[in-house]
2 protein chains.
Amino acid sequence: MKISMHAMAIDSFVSMLTDLSQLLDKGAQHAKARGIGEEVLVNARLAPDMYPLARQVQLACDNAKSGTARLIGRDPPRHEDNEKSIGELKARIAKTIDYLKGLNATVFEGTDERKVQMDLPGNLVMETSGTQFLKDWALPHFYFHVVTAYDILRHNGVDIGKRDYLGHVAAYIRPK
Amino acid sequence: MKISMHAMAIDSFVSMLTDLSQLLDKGAQHAKARGIGEEVLVNARLAPDMYPLARQVQLACDNAKSGTARLIGRDPPRHEDNEKSIGELKARIAKTIDYLKGLNATVFEGTDERKVQMDLPGNLVMETSGTQFLKDWALPHFYFHVVTAYDILRHNGVDIGKRDYLGHVAAYIRPK
């Protein structure tokens, strides 16, 4: 009745980032078809004090990359937050996927019980097991930014649906 | 390096549904303070062809409830989709949490390898292992509706942030 930490982290991150990259393709197609500058979508927000699409994508990548690195006790690769176009955001996703795919399952050995400690603003510290960190922090933050990126695109009229949000699930589906 | 199916499913669903219930409280407070009818928030959407807040909450509950039931090979309890107020939506969440908390960890025995088969519209069928079902279907759908509910509230000016989205994480945080 157990699931590997490697599968739960890496499979989730890689599959959903792949789907996010395809959501961005649909955004680019929409912008082109309507004669809208891509930067309009890249800078679109759901509220004036929420992050725009570009930052949502960067944070989805960062939660996957840094969450995984923290879990396995390594330093994550540094990626600058300088993406200005959908193509650049897709490249950021691709770099993140490359990093995640490059990690061997063996480096996740013991991560379920590893003590994870993270400094937070306000002179606070969060202490969890690896399992708690993945389940209660890394995955919920990751999904937050993936879904909000989806919601921004959808709010701006891009023709996407659950089939796009979960594009990778098509591999499990067949005619009856 | 493994995490239990029970913890990954039930802990994630129960914690995030608890947080969602508190997000709804903030929505109710906001509506009251501004003299806005609660039904305005309950019926608010991010796009004309997206579901409103009420349906997002119902679907978050359904994905948790039916996803878990499918995983353990039982029929889920039936809940009617008739909630019209924030109080009723919170009661729907509470019923869902009760169901999830009532399941003993032992019923998750073998669910990682259980074959899960689900009919989909268009005469299609999805076939996965229990692990794949949880990781690639139940959790991403669940988070989709929780985050979209959050985004609807936030888009409508409710003063919420990550501290509310992940309210339950406060239990892991202490002064340095």
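Between this copy and the others, label points of A:E109 are 3.0 nm apart in ascending order, each placed 7 angstrom from Cα in the Cβ direction.
Placing a label point 7 Å from the Cα of A:D49 along the Cα-to-Cβ direction, the distances to the matching points in the other copies come to 3.4 nm, shortest first. Could you report the buried accessible area between B and A, both sides summed, computed with a 1.4 Å probe and given in Å² to the nearest 100? By this definition, chains B and A bury close to 5400 Å².
Using Cα pairs under 8 angstrom and six or more residues apart, how large is the relative contact order of the range A:1-152, in percent? Don't skip to the answer; put the middle values down first.
Working: 158 pairs, mean separation 48.7, N = 152.
Computed value for the range A:1-152: 32 percent relative contact order.
Of all aspartates and glutamates in the structure, the ones whose alpha carbon falls short of 12 Å from that of A:K65, not counting any fewer than 8 places away in one chain, are A:D75, A:D98. Annotation: amide H of A:S129 within the under-5 Å range of A:V116, sequence separation 5 or more or interchain, hydrogens built in the peptide plane. Our coupling estimate for the range A:90-107, obtained by passing each phi through the Karplus curve with A = 6.51, B = -1.76, C = 1.60 and θ = phi - 60°, is 5, 5, 4, 4, 4, 4, 5, 4, 4, 4, 5, 5, x, 8, 6, 4, 5, 6 Hz, Gly and Pro reported as x.
Cross-linked pairs A:K2/A:K101; A:K32/A:K101; A:K2/A:K26: Cα-Cα separations exceed 26 Å for A:K32/A:K101; A:K2/A:K26.
Above 18 angstrom, tally the Cα pairs of chain A and express them as a % of all pairs, no decimals. All intermediate terms of the calculation are to be shown ahead of the outcome.
On the way: 9671 of 15400 pairs.
Everything past 18 Å amounts to 63 percent.
Taking B:A44, B:A64, B:A149 in turn, the Gaussian network model of chain B (Cα-Cα springs below 10 Å) assigns the largest fluctuation to B:A44. Shortest first, B:A69 label-point distances to identical copies amount to 4.4 nm, with the label point at 7 Å from Cα along Cα→Cβ.
Here the protein assembly as shown yields Rg over Rh of 0.94, to two decimals, using C-alpha coordinates and the Kirkwood radius.
Straight-distance candidates among the aspartates and glutamates for linking to B:K84, with alpha-carbon spacing under 12 Å and chain neighbours fewer than 8 residues away dropped: B:E38, B:E39. Using a Förster distance of 41 Å, how high is the FRET efficiency between B:R174 and A:T18, based on the Cβ-Cβ distance and rounded to 0.05? Result of the calculation: an efficiency of 0.65.
Please pull out the direction-averaged projected area of the range B:9-102, using the convex hull of its alpha-carbon atoms, in nm² to one decimal place.
Working: hull surface 25.0 nm².
Orientation-averaged projected area of the Cα hull: 6.2 nm².
Sorted from greatest to least, the principal axis extents spanned by the alpha carbons of the range B:76-134 come out as 38, 35, 15 Å. From its DSSP helices (H runs of at least four residues, each -39,500 (n - 2.57)), the protein assembly as shown gives a residue-normalised ellipticity at 222 nm of -16000 deg cm²/dmol.
The values are calculated or read from the model by the stated rules, or taken from the named source; none is laboratory data. What you are looking at is a predicted structure, and each value in this text was computed from that prediction instead of being measured. Cβ sites come from the backbone with ideal geometry, for glycine too, and all protein chains shown count toward neighbours. Heads up: the accessible areas ignore ligands, DNA and RNA and are worked out on the full protein's heavy atoms, side chains in. Shrake-Rupley method; radii C 1.70, N 1.55, O 1.52, S 1.80 Å.
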